[in-house]
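Written out below as structure tokens is the structure these notes cover.
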Amino acid sequence: MRRQFKNFDMVIVICICVIFIIGLLFLYSASKSLEENVYEKRMIKQILSMLIGVFAGTIVFSIDYRKLLDLSYLFYWLMNFLLFFVLVLGAIRLGAQRWISIGGIAFQPSEFAKIIFILAIASFLGRRKESIENKRNIIKPLFLLGVPFFLIAAQPDLGTALVLIPVFFAMLFISGINVKVLLGFIGAGVMTTPFLWHFLKEYQRKRILVFLNPNIDPLGAGYTIIQSKVAIGSGQLFGKGWLSGTQNQLNFLPERHTDFIFSVVGEEWGFVGCSIVLLLYFIIIYRGIIIMRETKDLYGKLIACGVVSLLSFQIFINIGMTIGLLPVVGLTLPFISYGGSSLISSIMAVALLLNVGYRKPYF
Amino acid sequence: MRIKVLLGIIVSCFIFLFAGLFYVQIIKGADYKYKSENNRMILLPIEAPRGKIFDRNGRIIVDNRISFDVSVVYKNAKDSAAMINFLSDKLEVSKQFLREKMDEAKWQPYVPTLLLDDIGKDKAVFLEENSLDYPGLVISTRPRRFYPYHKYGASVIGYLGKINKDELSRYKHYGYTIRDYIGRSGIEREYDDYLRGHQGGMQVETDSVGRRKKTVSIKQAIKGKDIYLTIDIELEKYCDRLLGQRNGCIIVMAPDTGQIYALVSKPSYDPNIFVTNQEKAEVVNVLTNANGDYPLLNRAISCAYPPGSVFKIVVSLAALETMKITDKTYFNCSGSFSLGKASFKCWKKTGHGSQNIVEALTHSCNVFFYQAGVKIGVESIVHFAEELGFGKKTGIDIPGEIKGNLPSPSWKRKNIKEPWYLGDTVNLSIGQGFLLVTPIQLLRMVACVGNNGKMVTPYLVEKIEEVPVFNIEQQQLKVDEKNIKVIKDGLKRVVNDQNGTGMMAKVEQVVVSGKTGTAQNQTNVDHGWFSGFAPEKYPKVAVIVFVEYGGKGGYEASKIAQLVFEECIKVGLLKGTGNVESQ
């Protein structure tokens with residue numbers, strides 16, 4: 001029993017706790033200047049979501065991940081059905097729809113789709129490690145990627161849909177695919193990008209164009225980018241101090257409690273604070289890579305790879321967009337951004353990683 | 001090995017972020033710090049005017065006017081208590097209301113927060129003159145919808161309402177904002193997408209006390225698209241006045257194209273009340289139907305009534321087409337018709353004697369049609385009624401149209417849980433019983449007969465900006481032209497014969513054909529119908545008049561229709577036909 005416990009990665013858990021607490025501090029700071037009680041409601045909701053996340057994470061952790069893999073296709077199609085349902089609901093209600101409401105609790109299926117996607121791909125690639133060299137066999141995993149990708153992109157939730165792509169390629173890479181084949185696919189993907197352009201909603205196209213030139217839309221996305229840069233930049237080395245960011249407190253930052261919460265961190269804690277947060281994230285990622293390396297089982301390796309690349313990509317895109325280095329695509333910052341579905345799914349993803357790490361000696 | 005490559009990629013991503021943060025916070029940090037302290041950017045919206053609406057002759061029937069709004073930039077308001085006292089005094093609003101608004105303004109201290117909108121020009125000028133004493137007070141203008149013809153045309157144009165929370169969350173992606181108005185009925189609703197402009201805005205740099213220093217960038221508002229209607233607003237106005245205090249509706253249509261020249265539903269309302277703050281009581285009156293007469297209900301398309309004798313046209317066509325009777329078939333009218341124990345009466349107690357279909361139409365004899373209906377059977381009547389567009393929407397391009405009710409034996413079994421009796425057929429033959437039609441359906445049928453069997457889809461929008469809307473749809477019914485001729489002969493005599501029931505509709509300059517109708521209802525006073533067209537051979541204008549509780553159609557409705565036809569001549573819709581001289 002004690003030997004098993006040794007395999008439980010406490011470092012990851014501690015880092016997440018610290019990040020979550022930092023997140024709460026800044027959720028308070030970002031909501032304080034709004035009408036009374038908004039911050040209270042938000043913090044209670046965030047803590048409740050965390051508790052639900054820990055509960056769900058414990059379940060994910062305690063079931064042997066290979067059993068989860070056996071069920072992964074069932075989950076996968078159930079998830080696609082839910083995503084499709086969200087779309088139909090959206091069509092009926094005439095507008096963007098990302099939420100399903102069950103018994104008064106709304107959740108975003110696309111957030112959970114990311115985890116189930118990792119399981120399904122791991123299950124597929126793990127079983128076929130020899131035959132993946134064959135070009136025809138790559139069609140199937142591409143199909144596994146394509147269905148949820150288009151369902152989520154059509155919602156429209158471009159950010160979440162895009163996350164699936166690097167996760168998919170990282171897992172393909174780790175599965176041992178011929179690098180030439182992989183590069184060929186990435187190349188083909190790049191070539192089809194202009195084609196994908198047609199599927200984007202107008203506001204999504206605009207966001208990408210705005211990223212290329214923020215001056216074309218100084219009122220919408222451009223405004224957010226400019227204000228976010230001013231906030232982070234004005235934090236300088238040590239920041240203006242918690243609760244003292246003027247950009248934040250004077251309501252210059254839109255969406256600063258969700259996608260743009262890192263701007264508040266940057267303004268109030270400065271470069272030092274940002275570096276600490278980055279470091280904490282990096283420790284989690286690095287521990288994940290260690291789990292990946294030490295696991296002999298290919299299934300386990302693939303799951304760990306999926307979670308690691310998922311978290312890395314989200315952190316990279318989110319922080320990159322707040323400092324104006326990457327386009328605004330609407331992705332949350334794991335464990336910090338306000339939002340129940342995002343927090344719960346991030347905790348579940350890490351639980352999956354811990355699950356692999358905990359059981360690695362047996363394979 | 002591969003894991004190392006992955007780690008390498010991730011590490012480079014983190015280094016990239018690290019470098020980015022270093023650049024923004026350390027290298028450029030001082031610049032941004034300066035910007036955040038001294039220059040703050042604010043966003044000021046520029047409202048886009050909605051598209052205008054024109055009538056067929058290019059008269060503006062829906063316009064935009066400038067309204068004056070009072071706002072406050074909280075940061076600049078030195079003495080908000082004094083400002084509240086001043087405004088409450090001059091604008092006649094409660095101090096409590098202003099205090100609440102002022103509290104709202106605290107949350108966005110650099111941006112103007114609206115206190116009161118549409119205060120009128122005189123007050124705006126006065127406040128502007130005194131604004132130096134009250135820093136932070138901002139008088140701004142924005143376009144607001146204006147309906148210069150007030151209640152005339154409201155049933156076509158519709159009205160606007162402030163966007164609600166649910167709609168806002170659904171349409172946010174399409175650029176709607178919390179201050180937007182959205183079409184609630186009529187053209188304003190159906191063509192909201194086109195009429196709506198796209199809001200612009202200015203990004204303005206202000207100094208630390210909120211004064212605007214320079215405009216960083218500006219996005220011009222894009223005006224909504226103009227819409228040109230088929231309506232003639234003068235005719236619309238005339239028809240509205242003809243109905244006066246009576247409830248009901250008048251529709252005037254081109255039978256060969258489906259263009260609607262006028263569509264009036266009474267009582268009406270003034271759409272201006274929904275876009276100003278001065279008429280709140282009237283809005284409540286209209287919305288809660290305080291007078292009990294449903295002003296928002298468009299009687300022309302959203303209400304269904306029994307068509308009464310106008311429906312005899314349909315029965316005639318069914319009878320002639322199925323060859324159950326010809327124009328040589330004579331039935332005797334003794335004043336009543338017996339079916340088992342029941343007796344069905346003709347409106348003329350003494351009876352019409354022996355007559356053929358043309359005479360029966362002319363006199364609107366019930367007994368003739370009772371016998372005809374029984375002879376041809378319910379299935380055929382229903383079939384031809386369907387062909388002529390009953391029981392389904394006409395497809396007119398404003399929202400709220402209903403289907404009415406075309407009963408059939410299967411319908412009755414399903415909904416009333418009773419079999420279809422022969423008595424039901426008898427009732428149906430004179431347009432009574434379960435049959436319910438909308439005025440627009442009835443007009444379209446009469447126009448179809450006038451148009452020698454060509455049926456059209458009624459429409460209101462001619463073009464959007466310069467782009468014509470091609471919605472002329474014609475559908476030729478598969479009927480014998482000879483039969484149509486027989487019916488048209490009857491309809492001509494309804495108006496032009498000595499004993500015709502619609503002789504009140506007769507016009508000097510042009511031959512009018514038509515049919516009267518009386519719709520019995522739960523009350524003792526019947527609804528009156530008249531529907532007809534002119535000129536008789538190749539009609540250019542089709543009219544329907546419906547008067548709620550207007551008594552027998554022969555009198556009131558026909559008289560109104562006559563005046564409508566004469567007005568059509570005056571406004572030039574019947575130019576070059578009959579004896580109408582080109583004016």
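Residues of the range B:485-504 that are among the aliphatic types (A, V, I, L, M), over 19 Å from B:CYS448 (Cβ atoms) and crowded, with 23+ Cβ neighbours inside 10 Å: none at all. Only residues that are open to solvent by 10 Å² or more (accessible area, probe 1.4 Å) and either touching a Cys at 6+ places or on another chain (Cβ under 8 Å) or not assigned by TED's automatic domain parsing to the domain that holds B:PHE337 (or both) were counted in the range B:357-374, giving 2. Only one entry of A:ILE22, A:ILE16 meets the criterion of being touching a residue at least 40 places away in the same chain (Cβ under 8 Å), within 22 Å of A:PHE117 (Cβ to Cβ) and within 22 Å of the chain's Cα centre (by Cα), and that entry is A:ILE16.
The lone criterion from (1) closer than 28 Å to B:PRO148 by Cα; (2) among the aliphatic types (A, V, I, L, M); (3) more than 41 Å from the chain's Cα centre (by Cα) left unmet by B:LEU91 is number (3). Among the residues making up the range A:156-169, a single one is open to solvent by less than 10 Å² (accessible area, probe 1.4 Å) and within 11 Å of chain B (Cβ to nearest Cβ): A:PRO156.
Examine the range B:242-254 for a residue that is assigned to a helix (DSSP H, G or I) and either open to solvent by less than 10 Å² (accessible area, probe 1.4 Å) or out of contact with any Gly (no Cβ under 8 Å at 6 or more places or on another chain) (or both), and state whether such a residue exists. Within the range B:242-254, one or more residues are assigned to a helix (DSSP H, G or I) and either open to solvent by less than 10 Å² (accessible area, probe 1.4 Å) or out of contact with any Gly (no Cβ under 8 Å at 6 or more places or on another chain) (or both).
For B:ALA48, the test of being buried (at least 17 other Cβ atoms within 10 Å of the Cβ), out of contact with any helix residue (DSSP H, G or I) (no Cβ under 7 Å at 6 or more places or on another chain) and either within 14 Å of chain A (Cβ to nearest Cβ) or closer than 30 Å to A:TYR281 by Cα (or both) is passed. Return the only residue of B:ALA81, B:ALA30, B:ALA19, B:ALA77 being more than 14 Å from every other protein chain (Cβ to nearest Cβ) and without any contact (Cβ under 8 Å) to a residue 12 or more places away in the chain. After ruling out the rest, the residue left standing is B:ALA81. Summed over the range B:406-436, the residues that are in contact with a strand residue (DSSP E or B) (Cβ under 7 Å, 6 or more places away or on another chain) and open to solvent by less than 30 Å² (accessible area, probe 1.4 Å) give a count of 4. Only residues that are surrounded by fewer than 24 Cβ atoms within 10 Å (Cβ to Cβ), assigned to a helix (DSSP H, G or I) and more than 9 Å from every other protein chain (Cβ to nearest Cβ) were counted in the range A:280-296, giving 5. The requirement of being crowded, with 20+ Cβ neighbours inside 10 Å, among the β-branched types (Val, Ile, Thr) and within 28 Å of B:ASN64 (Cβ to Cβ) is satisfied by B:ILE301. Of everything in the range B:112-126 that is in a helix (DSSP H, G or I) and not aromatic (Phe, Trp, Tyr), the residue that is least open to solvent (accessible area, probe 1.4 Å) is B:ALA124. The set of residues in the range A:28-73 that are in contact (Cβ under 8 Å) with a residue 60 or more places away in the chain, away from chain B (no Cβ under 14 Å) and assigned to a loop (DSSP other than H, G, I, E, B) comprises A:ILE63, A:ASP64. Set side by side, the residues B:GLN475, B:GLN520, B:GLN509 differ, and just one is of a type in the set (S, T, N, Q) and free of Cβ contacts under 8 Å to residues at least 24 places away in the same chain, which is B:GLN475. If the condition is being of a type in the set (Gly, Ala, Ser) and either without any contact (Cβ under 8 Å) to a residue 12 or more places away in the chain or in contact with a Cys (Cβ under 9 Å, 6 or more places away or on another chain) (or both), then the range B:253-300 contributes B:ALA262, B:SER265, B:ALA281, B:ALA290, B:GLY292, B:ALA300. Where helices (runs of 4 or more DSSP H) sit wholly within the range B:327-431, those with at least 1 residues that are touching a Leu at 6+ places or on another chain (Cβ under 9 Å) and at pLDDT below 95 occupy B:357-363, B:366-376, B:378-387, B:422-429.
B:ASN57 meets the conditions (1) more than 9 Å from every other protein chain (Cβ to nearest Cβ); (2) within 17 Å of B:LEU115 (Cα to Cα) in every case but one. The failed one is (2). Considering the range B:178-195, and only residues there that are touching a residue at least 24 places away in the same chain (Cβ under 8 Å) and open to solvent by 40 Å² or more (accessible area, probe 1.4 Å), the residue that is nearest to B:ILE163 (Cα to Cα) turns out to be B:TYR181. Considering the range A:299-318, the residues that are more than 12 Å from every other protein chain (Cβ to nearest Cβ) and more than 23 Å from A:LEU333 (Cβ to Cβ) include one that is surrounded by the most Cβ atoms within 10 Å (Cβ to Cβ), namely A:GLY300.
The values are calculated or read from the model by the stated rules, or taken from the named source; none is laboratory data. Bear in mind the structure is a predicted one, so any value in this text is a computation, not a measurement. Heads up, the Cβs are rebuilt from the backbone with ideal geometry, glycines too, and the neighbour counts pull from every protein chain shown. Remember, those area values only see protein heavy atoms, side chains included, never the ligands or the DNA or RNA. Shrake-Rupley method; radii C 1.70, N 1.55, O 1.52, S 1.80 Å.
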